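The values are calculated or read from the model by the stated rules, or taken from the named source; none is laboratory data. As the structure is a computational prediction, the values presented were derived from the model and not from experiment. Note that we place each Cβ from the backbone using ideal geometry, even for glycine, and neighbour counts take in every protein chain shown.
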Amino acid sequence: MSDAGEAQGASLVAKEPEAISFAEFLEEIAPTQQVKVSDLFTKSVRGTSAYYELQRPELQLHCSKDTCNGLRFFRSTTGDLYVKPNEPKLCYITYRCSNCQSIQKTFSLHIWLCSALT
């Protein structure tokens, strides 16, 4: 194979995508997409047990209420959510517009914390 052929073959090898922030994921990624997220959990230890709390970052989303009608900050109204390594978790996170306090947006998530990352 020529050097040009080897170079072309090397460029066809797929690179693993970079992890994105959880806020970026919720604000920009379309439903049904699988994405690696960098700051999804906070690890805590109690005694000899470790647990992982799902972060709920402040988001900038479009609010459709007449008084807002644009990008506004949304804050989570969901309580604490915990995840164990290697156990898939289905959960919902609800956010409310911090400006009008009436528009809510709910995200459905399927989360998997790989034990290799813990």
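Results, tabulated for the structure shown:
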item	result
Any chance His110 is closer than 17 Å to Asp39 by Cα and either assigned to a helix (DSSP H, G or I) or without any contact (Cβ under 8 Å) to a residue 24 or more places away in the chain (or both)	yes
Tally, over segment 43-61, of residues that are surrounded by 14 or more Cβ atoms within 10 Å (Cβ to Cβ) and without any contact (Cβ under 8 Å) to a residue 40 or more places away in the chain	6
Strands (runs of 3 or more DSSP E) contained in segment 1-101 and holding at least 1 residues aromatic (Phe, Trp, Tyr) and modelled with pLDDT of 85 or more	41-46, 49-54, 70-76, 89-97
Residue count for segment 62-90, restricted to those that are touching a residue at least 24 places away in the same chain (Cβ under 8 Å) and within 20 Å of Ile103 (Cα to Cα)	9
Residue count, segment 27-42 (criterion: under 19 Å from Thr94 (Cα atoms) and surrounded by 13 or more Cβ atoms within 10 Å (Cβ to Cβ))	6
